[in-house]
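The values are calculated or read from the model by the stated rules, or taken from the named source; none is laboratory data. Because the structure is a prediction, the values reported are computed rather than measured. Here the Cβ positions follow ideal geometry from the backbone for every residue, glycine too, while neighbour counts run over all protein chains shown. Ligands, DNA and RNA are excluded from the accessible area calculation, which covers all protein heavy atoms including side chains. Shrake-Rupley method; radii C 1.70, N 1.55, O 1.52, S 1.80 Å.
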Amino acid sequence: MSDGGHAWWQDAVVYEVYPRSFADADGDGVGDLPGLRSRLGYLADLGVDAVWLTPFYPSPLADGGYDVSDYCAVDPLLGTMADFDGLVKDAAAYQIRVIVDLVPNHCSSAHPLFRAALAAAPGSPERARFFFRDGRGSRGEQPPNNWPSQFGGSAWTRVTEADGRPGQWYLHLFDTSQPDWDWRNPDVPALFEDVIGFWLDRGVAGLRVDVAHGIFKDPELPGLAGPRPLNAPSPYRHRPELQPLYRSWRAILDSYPAAGLPGARTAIGEVWYDVPQTLAPYLAPGGLPQVFNFQLILAGWRAAEFRDAIDSALTLTGGSRAPWVIGNHDVARPASRYRLNEGFTPQTVSRLIALGDQNAEAGARRARAAALLLLALPGSAYIYQGEELGLPEVTGIADEARQDPRFFRTGGEYPGRDGCRVPIPWSRGGTGFGFSLTGQGAGPAIPWLPMPAEWGRYSVESQHPDEHSTLNLYRAALRLRRDHPALGPGALHWVGQDEGGLLCFAREPGFILAANFGQAPAPLPAHREVLLASGPVTGGGLPPDTAAWLSG
C-alpha cells in the first residue's frame, strides 16, 4: 500500500497482550495461547481492532521472552503452532487482527547460532554474526569499550575459550543472556527476512519491532566520550543504516494483499528518543508504516506538558503514523504513574514504592481521564492489558519473586518491570482470581508472579455489572470512538488557553475533549451534551482529574 492510501492501522485501537499474564488455560500458573484464545470474546466486547502479542517464542525467559532462542516456533509452555494458527483464525472471526513481536536487536544466548559462535574460534564465520572482540589491556582483561548495558553494568561479557583460557568479549546492550546481532553480516538480515515472511504467511497483520532505534552499531565501536540522554543518537542508537533496512522490510509488507482481512500489513517500531525530532527519519516515506509515540508516557500530570506532548507529536507525524500510548509492559502502570506529577523515568517504580499508598485515588481518577484523552486523539492508539481495569503498579513484590534482569543487574536499585506484568484478574476470588482457568490440567496453580490480595476488586467479574467501572468506561469509549465521525484520523484544534489546568481540543464534526488537570472544578466549554465522562460532571463544572467527551 502506498503512503497516500488509507489502511486499517491508521486509526486502529490495538490491545497489547503479555501472554504469560493474560489467561492460563492449563492451570500451570502461566498464561498461554489457548487462554488468550478463550478470551477473544472479551476483547471483541471491549471493542479493539487488533491484538499485539509480546514474544511467545521458545526462550529461557531470562528477560520475559525477549531472549528468543527460536524465532519461528511457539514456546511449549505457551502452546503449539496449531494453537497460534487457531488464534489467528478465531480472532479473524471477531474481526480482530494479530500483530506479533519481532526481536531483531538480540537473541538468546541459548540460540543455536550463538551457541555455535561460542564453540567456534575467534575470527570464525560463526562469531561474525555477533560482536565478538578482543578486550583491552595487556591481557585483554578490560571490555572492548565503555558501553553500558541498559539493564545495568557493562554491555560486554568475556567468554571462556575451548582451551579453557579467558577469551574474547561479546556485546549485549541488555542482559548477558541477550547477545546483539551484527546486522552488517549478510547472514543476519537474510535470517530476519525469512522470519518476517514466516509469520506474515501465517496470517499476522503486522509486526511490532523491538528496539527499533538500535539494531545497527557504529562499525568502529567507539567509546562514549561522556554522559548523554539514554535514547539520544549514539554509536548504538538511531544509526542512519536503519532506514534502508526498514525500506526493505516495507517492501515485504507491501507485497502482501491489502484487501480483506488482515489487509495491509503494518510494522510499528519501538523507537525511544530524546526529543521528538529524532523520530523524523523513521517517518520518511517508504519506511516503517508506524513508530510508537511515547510522549504521553513521558509527560507529567500537567495540562501544559500534555499539550506540548500532543503538539510536538502532531507537528511531526500528523497522528496516523505514530500511535498514542499511555502504558506498556516496560513502564509503570498509568494508575500509579500519574500519582507522581512527573513523566516516566527509570526511577519511577522506586519512587512509587517510597510513596506507599499516598494519592492512590487521584492516580485512579487520572488514569481514567488519560484514557479518554488517549482515545480522542487523531490516529491509532494502543492499550496495554489491564489498563481497561484500572490496574495499579504492583510495588510489593518480594525480592525472591522478582523476574526482571534489571532488578538483579542493579543490585535492586531499580525494581524493574515486574509490577506492570502481574497477571490480570478475571474473577473476584479463588486461586489466582480466575487467571488460571478451572477444569483443565491438574487444577489452577499459583500465578508465576504473585497477585495482590486486593486484586479481586479490579477483576472483570467485579467490574462487568458496574456501569461506572473503568472497564465499562473503556467499552463505552471504544463504542463511541468507532461510531463518532470526528474520531479516528483527522485534525484537532485547541479550545482556550489551558486556564486553571483545563485542557480542551475540538475535532470536526462536533466533538470536544475537555480534561481538568487542575485542583479545582473548571467550567466546561460551550457544548450540547456530555457524551461520556471519566467521573461525575455536575452544574459546578468539570471536577479535577476528570475528562469528558462533549458534543459540539
Query raised in the report: Here are 342, 387, 361, 393: which of them is more than 24 Å from residue 502 (Cα to Cα), of a type outside the set (Ser, Thr, Tyr) and out of contact with any Asp or Glu (no Cβ under 7 Å at 6 or more places or on another chain)?
Result: 393
Query raised in the report: Out of curiosity, is residue 419 at positive phi and either among the small types (Gly, Ala, Ser) or surrounded by fewer than 13 Cβ atoms within 10 Å (Cβ to Cβ) (or both)?
Result: no
Query - Filtered residues of region 155-187 (kept if in contact (Cβ under 8 Å) with a residue 24 or more places away in the chain, over 26 Å from residue 230 (Cα atoms) and in contact with a strand residue (DSSP E or B) (Cβ under 7 Å, 6 or more places away or on another chain)) - result: 159, 161, 166, 167, 168
Report summary line: If we ask which residues in region 279-311 are open to solvent by less than 40 Å² (accessible area, probe 1.4 Å), in contact with a strand residue (DSSP E or B) (Cβ under 9 Å, 6 or more places away or on another chain) and more than 19 Å from residue 208 (Cβ to Cβ), their number turns out to be 4
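For residue 219, are the conditions met, namely being open to solvent by 50 Å² or more (accessible area, probe 1.4 Å), part of a loop (DSSP other than H, G, I, E, B) and of a type outside the set (Gly, Ala, Ser)?
Numbers: open to solvent by 50 Å² or more (accessible area, probe 1.4 Å): yes; part of a loop (DSSP other than H, G, I, E, B): yes; of a type outside the set (Gly, Ala, Ser): yes.
When the stated conditions are applied, residue 219 passes them.
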Query raised in the report: Any idea how many residues of region 262-277 are in a loop (DSSP other than H, G, I, E, B), at pLDDT 95 or above and not small (Gly, Ala, Ser)?
Result: 5
Query raised in the report: Does any residue in region 485-509 that is over 20 Å from residue 530 (Cα atoms) come within less than 7 Å, Cβ to Cβ, of a residue that is surrounded by 18 or more Cβ atoms within 10 Å (Cβ to Cβ) and of a type in the set (S, T, N, Q) six or more places away or on a different chain, and which pairs are these?
Result: 489/10; 489/320
Query - Selection from region 110-128 of residues that are among the hydrophobic types (A, V, I, L, M, F, W, C), out of contact with any helix residue (DSSP H, G or I) (no Cβ under 9 Å at 6 or more places or on another chain) and in a loop (DSSP other than H, G, I, E, B) - result: 110
**Report entry** Candidate set from region 93-109 (those that are outside any strand (DSSP E or B) and of a type in the set (A, V, I, L, M, F, W, C)); member that is farthest from the chain's Cα centre (by Cα)
**Finding:** 93
Query - Of residues in region 538-552 being in a loop (DSSP other than H, G, I, E, B) and modelled with pLDDT under 95, the one most open to solvent (accessible area, probe 1.4 Å) - result: 539
**Report entry** Lone unmet requirement of (1) touching a residue at least 60 places away in the same chain (Cβ under 8 Å); (2) within 24 Å of the chain's Cα centre (by Cα); (3) open to solvent by 40 Å² or more (accessible area, probe 1.4 Å) for residue 146
**Finding:** (2)
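Here's a check for you: in region 303-325, which residue that is in a loop (DSSP other than H, G, I, E, B) and not small (Gly, Ala, Ser) is farthest from residue 418 (Cα to Cα)?
My answer is 321.
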**Report entry** Number of the exception - residue 466 against (1) open to solvent by less than 20 Å² (accessible area, probe 1.4 Å); (2) out of contact with any Lys or Arg (no Cβ under 9 Å at 6 or more places or on another chain); (3) not hydroxyl-bearing (Ser, Thr, Tyr)
**Finding:** (1)
Query raised in the report: For residue 95, are the conditions met, namely being of a type outside the set (D, E, K, R), open to solvent by 10 Å² or more (accessible area, probe 1.4 Å), closer than 13 Å to residue 176 by Cα and in contact (Cβ under 8 Å) with a residue 12 or more places away in the chain?
Result: no
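Could you say which residue among 163, 134 is open to solvent by 20 Å² or more (accessible area, probe 1.4 Å) and modelled with pLDDT under 95?
Going through 163, 134 in turn, just one is open to solvent by 20 Å² or more (accessible area, probe 1.4 Å) and modelled with pLDDT under 95: 163.
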Report task. Say whether the condition of being at positive phi, assigned to a loop (DSSP other than H, G, I, E, B) and in contact with a Lys or Arg (Cβ under 6 Å, 6 or more places away or on another chain) is met by at least one residue in region 156-176. Result -> no
Report summary line: By residue number, the members of region 58-104 that are of a type in the set (Lys, Arg) and either in contact with a strand residue (DSSP E or B) (Cβ under 9 Å, 6 or more places away or on another chain) or under 14 Å from residue 32 (Cα atoms) (or both) are 97
Query raised in the report: Somewhere in region 326-335, is a residue out of contact with any Ser or Thr (no Cβ under 6 Å at 6 or more places or on another chain), in a helix (DSSP H, G or I), under 23 Å from residue 18 (Cβ atoms) and modelled with pLDDT of 95 or more?
Result: yes
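Okay, residues lined up against (1) open to solvent by 20 Å² or more (accessible area, probe 1.4 Å); (2) of a type outside the set (Ser, Thr, Tyr):
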site	(1), (2)
232	no, yes
240	yes, yes
248	yes, no
251	yes, yes
257	yes, yes
265	yes, yes
Query raised in the report: Of everything in region 354-369 that's open to solvent by less than 40 Å² (accessible area, probe 1.4 Å), out of contact with any Ser or Thr (no Cβ under 6 Å at 6 or more places or on another chain) and touching a residue at least 12 places away in the same chain (Cβ under 8 Å), which residue is nearest to residue 339 (Cα to Cα)?
Result: 362
Query raised in the report: Would it be correct to say that residue 401 is touching a residue at least 24 places away in the same chain (Cβ under 8 Å) and in contact with a Pro (Cβ under 6 Å, 6 or more places away or on another chain)?
Result: yes
Requested in this report: For residues that are within 30 Å of residue 514 (Cα to Cα) and in a helix (DSSP H, G or I), tally how many sit in region 350-408.
Outcome: 23
